[in-house]
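The block underneath contains the structure these notes are about, expressed in structure tokens.
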Amino acid sequence: MGVSILLGGILSYTVRHSLALEDGAIAIPAIKSEVTIKRDQWGIPHIYASNL
């Protein structure tokens with residue numbers, strides 16, 4: 001029983017930390033204008049960006 005609890009904890013930790021970021025900001029020097037990524041109700045990302 002203790003082993004199954006340990007494996008469940010490891011699995012839960014791994015799944016939570018392998019998912020993509022959903023909040024926050026990342027600075028990428030090569031991108032000069034703002035880029036926004038929004039997810040719809042089904043989790044599909046939509047990318048909005050300026051093109052210079």
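Every number in this text was worked out from the coordinates using simple rules, so none of it is lab data. From a predicted model like this one, the values you see are computed outputs, not experimental measurements. Every residue, glycine as well, gets a Cβ built from its backbone with ideal geometry; the counts of neighbours run over all protein chains shown.
Against the chain, whose longest principal axis comes from its Cα atoms, helix 2-18 is set at around 0 degrees. Modelled label positions at ILE26 and VAL3, each set 7 Å beyond Cα in the direction of Cβ, lie 3.8 nm from each other. For the chain, adding -39500 (n - 2.57) for each run of n ≥ 4 DSSP H residues and dividing by the number of residues yields -11000 deg cm²/dmol at 222 nm. Going through [x] 2.20; [y] 1.78; [z] 1.01, the figure that equals Cα Rg over 2.2 N^0.38 Å as computed for the structure here is [y].
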